[in-house]
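The values are calculated or read from the model by the stated rules, or taken from the named source; none is laboratory data. Predicted model, so just to flag it, every value in this text is computed and none were measured. Here Cβ is always computed from backbone atoms with ideal geometry, including for glycine, and neighbour counts include all displayed protein chains.
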Amino acid sequence: MHASAQQTPAHHHRVRRLPLALSVSVALLVLIASTWFSLAYGSHATTSSQVLNALQHRSNSAVSEIVWGLRLPRTCLAIIVGASLAVSGVIIQGLTRNTFADPSIIGVSDGAALAVVTGIAVFHANTYGQYFTFGAIGAGASCVLVLLAMRYMSGYGPMALPLLGLAVAAACKAMTAALLVLVSSAYESYRFWSAGSLDTAQWGQIVPGAIVLSVCLPTCLYLASSLDRLALGQDLARSLGDRVAMVAALCVVLTAVMTGASVAAAGPIAFVGLIVPNALRLVLGPQSMRLVTMAAVTGATLLLLADTAGRIIGRPGEVQVGIVMALIGAPLFIALAATRRSTWL
């Protein structure tokens with residue numbers, strides 16, 4: 001929680017902000033359309049009428065099995081994971097006041113991945129519940145480590161967070177690789193999961209993820225006003241009645257739980273928590289309540305579209321959603337950085 005990398009007030013007045021109600025309405029319509037595309041298109045050729053009929057009348061037909069057994073679970077999981085990662089990005093950026101912050105860039109995703117691999121290799125974890133537990137612990141430990149280390153790098157300004165994140169991520173990746181070398185039996189379980197994929201989505205993953213999001217999202221909305229006051233300075237936030245330490249702790253816990261649940265379910269998926277909040281700030285401004293609300297819808301839409309694109313491009317197989325997000329996320333982030341370069345200098 002050091003030097004701010006948020007937009008300056010002058011920049012805010014140069015951009016016309018869209019009303020939140022209009023933005024949410026449009027975003028929900030796009031999400032509904034993206035959900036339909038995810039159900040109707042994929043590696044198996046189906047028509048819209050076949051999919052609609054399968055949704056209305058479940059049977060033993062091939063199309064019904066594809067829709068109910070494959071596409072519907074992964075569509076629901078994509079919505080949950082995309083929303084969780086995007087909201088996590090908003091929270092961690094608001095807490096650190098740094099628009100470079102993201103669960104993947106600051107090492108939280110890699111910490112969760114290391115913990116999950118440790119669970120697989122050492123404790124023989126093989127269920128989503130076990131993956132989630134290890135993932136949340138690893139994400140929380142990485143997040144706390146980075147935030148504590150930032151106290152000793154205040155002279156680096158906004159670059160302190162990504163630098164520390166890169167160091168933590170590199171260390172976690174190295175330890176993950178060492179574990180996989182030492183325990184080769186864990187490699188098969190890790191190989192496809194590490195690319196970030198939704199192809200193994202099951203209802204057993206969706207229900208816990210939905211519970212986590214349904215608890216964490218309202219809590220994030222509750223903390224939004226505190227994050228806005230915290231952006232003005234810790235002393236001012238305290239004078240306005242905020243318990244800064246408790247707000248920070250809750251933000252860390254929320255980020256860890258949502259990221260841990262997402263990584264456990266779909267593997268490490270980059271850029272969602274980085275691109276979505278930064279893009280939304282250009283449209284909605286810096287108010288955390290607006291960003292959290294829209295990030296949940298926009299993050300879900302982005303991951304849905306990326307997953308559907310991977311299935312269509314890779315026919316008859318598929319390209320994992322983590323790979324698709326990496327391919328589209330890097331240029332999008334560069335474009336956003338170019339758009340907002342004056343606010344990051």
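Would you be able to tell me the number of residues in the stretch 204-223 that are surrounded by fewer than 19 Cβ atoms within 10 Å (Cβ to Cβ) and either modelled with pLDDT of 90 or more or within 18 Å of residue 88 (Cβ to Cβ) (or both)?
9
Looking at the stretch 116-129 only, could you name the residues that are modelled with pLDDT under 85, surrounded by fewer than 20 Cβ atoms within 10 Å (Cβ to Cβ) and either touching a strand residue (DSSP E or B) at 6+ places or on another chain (Cβ under 7 Å) or in a helix (DSSP H, G or I) (or both)?
129
Need at least 3 residues that are in contact with a Ser or Thr (Cβ under 6 Å, 6 or more places away or on another chain) per element, so show me which helices (runs of 4 or more DSSP H) inside the stretch 264-345 make the cut, counting only ones lying wholly within it.
Counting at least 3 such residues, we get 272-284, 288-313.
Go through (1) modelled with pLDDT of 80 or more; (2) part of a helix (DSSP H, G or I); (3) not polar (S, T, N, Q) one by one and return the number of the condition residue 198 breaks.
Only one criterion is unmet by residue 198, namely (2).
Considering each residue of the stretch 293-335, count those that are surrounded by 24 or more Cβ atoms within 10 Å (Cβ to Cβ), β-branched (Val, Ile, Thr) and modelled with pLDDT under 95, and give that number.
Residues that pass the stated criteria total 2.
Which residue is nearest to the chain's Cα centre (by Cα), if the candidates are limited to the stretch 288-320 and must be under 16 Å from residue 78 (Cα atoms) and small (Gly, Ala, Ser)?
Selected residue: 299.
Is there a residue being more than 20 Å from residue 221 (Cα to Cα) and polar (S, T, N, Q) anywhere in the stretch 252-261?
No, that holds for no residue.
Do you know which residues across the stretch 142-189 are touching a Gly at 6+ places or on another chain (Cβ under 7 Å), among the β-branched types (Val, Ile, Thr) and either closer than 21 Å to residue 122 by Cβ or modelled with pLDDT of 85 or more (or both)?
Within the stretch 142-189, just 168 meets the criteria.
Could you please find all residues in the stretch 116-140 being small (Gly, Ala, Ser) and without any contact (Cβ under 8 Å) to a residue 40 or more places away in the chain?
Those that are small (Gly, Ala, Ser) and without any contact (Cβ under 8 Å) to a residue 40 or more places away in the chain: 119, 125.
Restricting the stretch 21-35 to residues that are touching a residue at least 12 places away in the same chain (Cβ under 8 Å) and of a type in the set (A, V, I, L, M, F, W, C), which is surrounded by the most Cβ atoms within 10 Å (Cβ to Cβ)?
Step by step, filter the stretch 21-35, then rank; the result is 31.
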